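The values are calculated or read from the model by the stated rules, or taken from the named source; none is laboratory data. Just so you know, these numbers come straight off a predicted model, no measurement behind them. Cβ placement follows ideal geometry from the backbone for every residue including glycine, while neighbour counts extend to all protein chains displayed.
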Amino acid sequence: MANFQTHITVGVLTSGVISTIAMAAAVVTPNDAMFLTIAGTMGSIMPDIDLESSRQSRAVFGGFGIFFAFIALFHYSQFLSIAELCILWLSIYISVRYLLWRLFNEFTVHRGIFHSFLANIFFSVAGVAIFYNLLEKSDTVAWMGGGVIFIGALTHLILDELYSIDFAGNRVKRSFGTALKLFDYKNPFSAFAMIVAVAAMLYVSPTAGNFYTLINSSENWSYLHSRLLPKGKWFDVGELRLNMARSGEMDPLTTGSVD
Ligand SMILES: [Zn+2]
């Protein structure tokens, strides 16, 4: 299987590229693009959360600890004193990072159900629910969040599978076929539980109608295509600004940012 660095690097690259494209297509704001990149990166390490000793598992629970602590902070910042807010932040972080992490690893088997295609669907829909309910993003951005998480997690499984092929020796290692699986074949009950969890997350998620329309819009795709390569010299921002000013898209005297 691939190591932590490989998973993180590929995760950042993949989700960074997707988020940049979404931003260029004017589908998301730069702020949302940042959230999408973080979500995709988290997705790329999610399948290893049940590997107790792994950096992946600690990183995911540490990340969620910080995330949920801040969500609570934003909700209560008006009503609590600084001392109370500090206690709230720390207790949520410690509960998620240490208690929940311990508990979770007590009840899971590594490379069990969480290292599967079905779990990837769960991570994505849970992501949609978090984007929509906790971060209060639009339904489209929420489903894009779910999309990048799915791509990140799927990339993880494919990478693990590729690493079980010994290209130099021209043979496959014994772990081949264990990384990219639909569900945990040894434990069908876990698959059933995961399907229930997916349904629960779908219940608290918005519908994907707008997201579906967006990715099916030929107008968006042709706009993206037209913006793919520079019209003139590469990185010639001065020329671009002049053209935009000529076409009336931008005030020539504006010195601020293009957005
Ligand atoms: Zn893995």
Query raised in the report: All but one of (1) of a type in the set (Ser, Thr, Tyr); (2) modelled with pLDDT of 90 or more; (3) more than 27 Å from ILE113 (Cα to Cα) hold for SER15; which doesn't?
Result: (3)
Query raised in the report: How many residues does the stretch 145-165 hold that are modelled with pLDDT under 90 and either more than 12 Å from the ligand (Cβ to nearest atom) or outside the structural domain of ASN133 (by TED's automatic domain parsing) (or both)?
Result: 1
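Listed here are the residues, each with its yes/no results for (1) in contact with a Lys or Arg (Cβ under 8 Å, 6 or more places away or on another chain); (2) closer than 19 Å to VAL125 by Cβ; (3) surrounded by 15 or more Cβ atoms within 10 Å (Cβ to Cβ); (4) among the basic types (Lys, Arg).
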position	(1), (2), (3), (4)
PHE35	yes, yes, yes, no
GLY40	no, yes, yes, no
LEU51	yes, no, yes, no
ALA59	no, no, yes, no
CYS86	no, no, no, no
Report task. Filter the helices (runs of 4 or more DSSP H) completely within the stretch 1-96 down to those with at least 2 residues that are within 16 Å of the ligand (Cβ to nearest atom). Result -> 4-24, 30-45, 55-76
Query raised in the report: LYS137 passes all but one of (1) at pLDDT 90 or above; (2) part of a helix (DSSP H, G or I); which number fails?
Result: (2)
Requested in this report: Output the residue which, of all residues in the stretch 176-192 that are touching a residue at least 12 places away in the same chain (Cβ under 8 Å) and assigned to a helix (DSSP H, G or I), is surrounded by the fewest Cβ atoms within 10 Å (Cβ to Cβ).
Outcome: ALA191
Requested in this report: Determine, yes or no, whether ILE82 is farther than 17 Å from ILE130 by Cβ and in the same structural domain as LEU159 (by TED's automatic domain parsing).
Outcome: no
Query raised in the report: Of (1) surrounded by 19 or more Cβ atoms within 10 Å (Cβ to Cβ); (2) within 16 Å of the ligand (Cβ to nearest atom), ASN105 satisfies all except one. Which?
Result: (1)
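Considering only the stretch 17-52, state which residues are of a type in the set (Ser, Thr, Tyr) and within 8 Å of the chain's Cα centre (by Cα).
THR37, THR41, SER44
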